[in-house]
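Below is one structure, written out as structure tokens, with a few remarks after it.
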Amino acid sequence: MFLRRALAPLLAVTLACERAPAPRGESVTIDLAHLFRVSDAGPRTTAVSLAAPEDPHQLLWGWSRPVTAPDGQPAVLIEGAQAALTFRAGSDPGRMFLFVDRLLEPPAGPYRPPEGVRVHVNGAFVGRLAPHRDHLEIALPATALKPGRNLLSFRLIKRPREDPARPTLRYFYRQIRLRSGAPPGVEPRLADAETLVLPAGSSASFFLRSPRDARLRATVARGSGRLRVRTEADGTAARTAFERSLDAGGVLDVPLVFEAEAIARVDVAVTDGEIALRRPRIEGTRPLAATPPPAPVPPARPNVLLYVIDTLRADALDWQDGPRRVSPNLARFADEAIVFEGAVAQSSWTRPSVASLLSGLHPPSHGVLSITDRLGPHVPLLPEILRDAGYDTAAFVTNANVSPPFGLQRGFATFRYLSENPATDSVYVPARILDDEVLAWLATPREQPFFLWVHASDPHAPYRPSERYAAAFVPDGAGTALDREHPLRNLRRRSRVPSDTELAELRGLYRADVAELDAELGRFFAALDSRGLLDTTIVVVVADHGEEFYDHGGFEHGNTLYQELLHVPFLVRLPHAAGARSRVLVQHVDLVPTLLTLLGLPVPAELPGRPLLGPDGRVAGAEGAEAFSTTWFARTALSSFVVPPWKVILPMRRDRPDELYDLDDDPGERRNLAAAHPVLVGYARQRMAELEAAGEHVPRGGPAPLDAETRERLRRLGYVIE
Ligand SMILES: [Zn+2]
């Protein structure tokens, strides 16, 4: 034993001699105990206290704030028609058992029977919670469970109608417990925040974008056994990098020989004995980012105009070389702006995307995920930061998704929500009227600079452009196959594949909507220019998401995360600066750091985005850029991850495959390459788990208090609140 202990440091020295001379760069340490917590093999969830969850982000939506149950103990209610939470099932879930602890205290008099509840795991039905029972057990079959994170939802079968004579009873939910059907003891676990314990027969996988000269390092805190390290970079064969017996006090120091920046997997397994690794980590270096010359803080504080165009897919615009029929005004604007051609929306529907634009946080961090979610009061917003910096702030918006019940108005001294009217052709208030309100607001003299958010929704369905634009953009021969009052109505029926003629007509109507908006933007920008405001205002034009026209078998938005929904226009026009084009990957969360940098204001450290421009307006580098999007719209739960040229789409549902596309070779996302690139898919899954964990400290806003009018408004716009 003593001999082995003495030899261990020697082993480390020997391996250390194989190291190449350290290149210049900043040292990088990847903490594997931390990564283990979010990996598929990470700790299984055994219990969720619903009134005081250890991780508040486990409760996704539909749960009330904590209330006191009839027995005096804290509990929560299901608000609305369904509630959901996530739990972790380990790397090999097998069968699990779910225990639901809830309480119902019937009154002495007559009452209506309480709700029945259907339980779903990852979208698959697994059982019912029968009425009149407080403690229930349901078996979760292995076929419904996935490694790592799983989605558990409770859907009310039928809410009884209110009857004053017979009160409707509700259950007070207290705790969910989960028990694994797998034999205990063969899974890796964390002994403390920095010690990973690997029993015999267990292994843990870690994914990384490799730094230069990567080495796996740790010390054996206790135990002894045989440890094996296998490595696999995407596109190469797996190899054994280390296999030997280790004792307590031993040092692990294994060169990983990945190419710098390779996306790779490292598997650590113990084949006999049990080993506790202290501070398992991967160390290496990354080249130092070129230090930009110090730029002076902008002397004058420019105004900021954020113009969000709802439902505008990037390829609807014709601002590349060639004819400019649809969007000549935006094309002219683009000539003077920095055009980010590789921009990705944070979600494929309005509310989470806009919350990301205004907060600089990813949807899992700001917590606006489901149709009922509002932004929590503790998420700092850009208008608050700018207001505190002395800006006058105002918003002019038309879309119920960003209306006051959802909490996005915080920080705006003036907030005008122009509500939709389904009786009008456009449904949404046309940009012309929004812009007129903006111009009137701008006419008021003010001492301080302003921050303005305009949210126009002209391209949003139902696509009812004026006759003149429809005639110009619906292709000859497309005719009028569609009901022009409700062009989508027949096409939405799932059983029917739309004809090419119908699709051409629908796209034509959408392009006509976009062209009509573009004409209005021409008028609006000219009005700003005539008042000299383009010389003093940073203007950002961005879309919250795109739109699909049966590209992947659906319509409108929110239901998938393909590029027709995620690839959006993102333009920044600086006063007195030349236009430029950039193809780097950017995303909505980059907006807040970009604007703060341009204004010479500090960027909060917790923001995940990066400034796209330096204080001098030069386009910043984008080494290692990755983009993350998510949609929990309706019954879909999808995440996507872009690490150029790759894009990974991960469904929560067990019956849908993971997808991976090469966006350079296959921009239409037709050839799913996931099976050939397990390392890339694993890396995407782990990175998304890390991003989700990063926002765990931000309290959620919970369901918005929706009045009947807002519910009805959302319903008419196609957002069904169950
Ligand atoms: Zn939208």
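The values are calculated or read from the model by the stated rules, or taken from the named source; none is laboratory data. None of the values given here were measured: they were computed from a predicted structure. Quick reminder, even Gly has a Cβ in these numbers, built from the backbone with ideal geometry, and neighbours come from all protein chains shown.
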Worksheet item: What is the number of the single condition among (1) away from the ligand (no atom under 16 Å from the Cβ); (2) touching a strand residue (DSSP E or B) at 6+ places or on another chain (Cβ under 8 Å) that L357 does not meet?
Response: (1)
Discussion item. Looking only at segment 357-399, how many residues end up being assigned to a strand (DSSP E or B) and of a type outside the set (S, T, Y)?
Written reply: 6
Item to complete: Would you please name the residue that is nearest to I649 (Cα to Cα), looking only at residues in segment 528-558 that are more than 11 Å from the ligand (Cβ to nearest atom) and among the aliphatic types (A, V, I, L, M)?
Response: V542
Discussion item. If I ask for residues that are surrounded by 16 or more Cβ atoms within 10 Å (Cβ to Cβ), outside any loop (DSSP other than H, G, I, E, B) and without any contact (Cβ under 8 Å) to a residue 60 or more places away in the chain, which ones from segment 101-120 would you list?
Written reply: V117, V119, H120
Worksheet item: So which residues in segment 58-75 are assigned to a loop (DSSP other than H, G, I, E, B) and at negative phi, if there are any at all?
Response: S64, R65, P66, A69, P70, D71, Q73
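Residues are listed down the side, and each one gets a yes or a no for (1) surrounded by 21 or more Cβ atoms within 10 Å (Cβ to Cβ); (2) touching a residue at least 24 places away in the same chain (Cβ under 8 Å):
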{"residue": "V589", "(1), (2)": "yes, yes"}
{"residue": "T597", "(1), (2)": "yes, no"}
{"residue": "A622", "(1), (2)": "no, yes"}
{"residue": "F628", "(1), (2)": "yes, yes"}
{"residue": "A637", "(1), (2)": "yes, yes"}
{"residue": "P644", "(1), (2)": "no, yes"}
{"residue": "K647", "(1), (2)": "yes, yes"}
{"residue": "D655", "(1), (2)": "no, yes"}
{"residue": "D662", "(1), (2)": "no, no"}
Fill in: Test: residue in segment 444-464 that is loosely packed, with under 14 Cβ neighbours inside 10 Å and either within 16 Å of the ligand (Cβ to nearest atom) or farther than 30 Å from V379 by Cα (or both)
yes
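It is to be established whether one or more residues within segment 164-187 are within 18 Å of L32 (Cα to Cα) and modelled with pLDDT under 90.
Of the residues in segment 164-187, the ones within 18 Å of L32 (Cα to Cα) are 187.
Restricting the remaining residues to those that are modelled with pLDDT under 90 gives 187.
Yes: segment 164-187 contains one or more residues that are within 18 Å of L32 (Cα to Cα) and modelled with pLDDT under 90.
Considering only residues of segment 367-376 that are within 16 Å of the ligand (Cβ to nearest atom) and touching a helix residue (DSSP H, G or I) at 6+ places or on another chain (Cβ under 6 Å), which is farthest from E556 (Cα to Cα)? Full working, then the answer.
Here is the first cut: in segment 367-376, the residues within 16 Å of the ligand (Cβ to nearest atom) are 368-371, 373, 375.
Next, only the ones that are touching a helix residue (DSSP H, G or I) at 6+ places or on another chain (Cβ under 6 Å) stay: 368-369, 375.
Details: V368: 20, L369: 18, L375: 24 Å.
By that ranking, first place goes to L375.
Might you let me know whether segment 435-457 holds any residue that is at pLDDT below 90, of a type in the set (G, A, S) and within 23 Å of F555 (Cβ to Cβ)?
If we filter segment 435-457 for residues that are at pLDDT below 90, which is where we start, we get none.
No: segment 435-457 contains no residue that is at pLDDT below 90, of a type in the set (G, A, S) and within 23 Å of F555 (Cβ to Cβ).
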Item to complete: Go through E505, E520, E547 for me and flag whichever is over 20 Å from T398 (Cα atoms) and either at pLDDT 95 or above or out of contact with any strand residue (DSSP E or B) (no Cβ under 7 Å at 6 or more places or on another chain) (or both).
Response: E505
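Restricting to segment 301-346, and then to whatever is in a helix (DSSP H, G or I) and within 16 Å of the ligand (Cβ to nearest atom), can you tell me which residue is modelled with the lowest pLDDT? Let's see the steps before the verdict.
First, pick out the residues of segment 301-346 that are in a helix (DSSP H, G or I): 314-316, 328-335.
The next check asks that each one be within 16 Å of the ligand (Cβ to nearest atom); those that pass are 314, 316.
Details: A314: 95, A316: 91.
Result: A316.
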Response to the item:
Among residues of segment 559-592 being away from the ligand (no atom under 15 Å from the Cβ) and of a type in the set (S, T, N, Q), the residue nearest to the chain's Cα centre (by Cα) is Q587
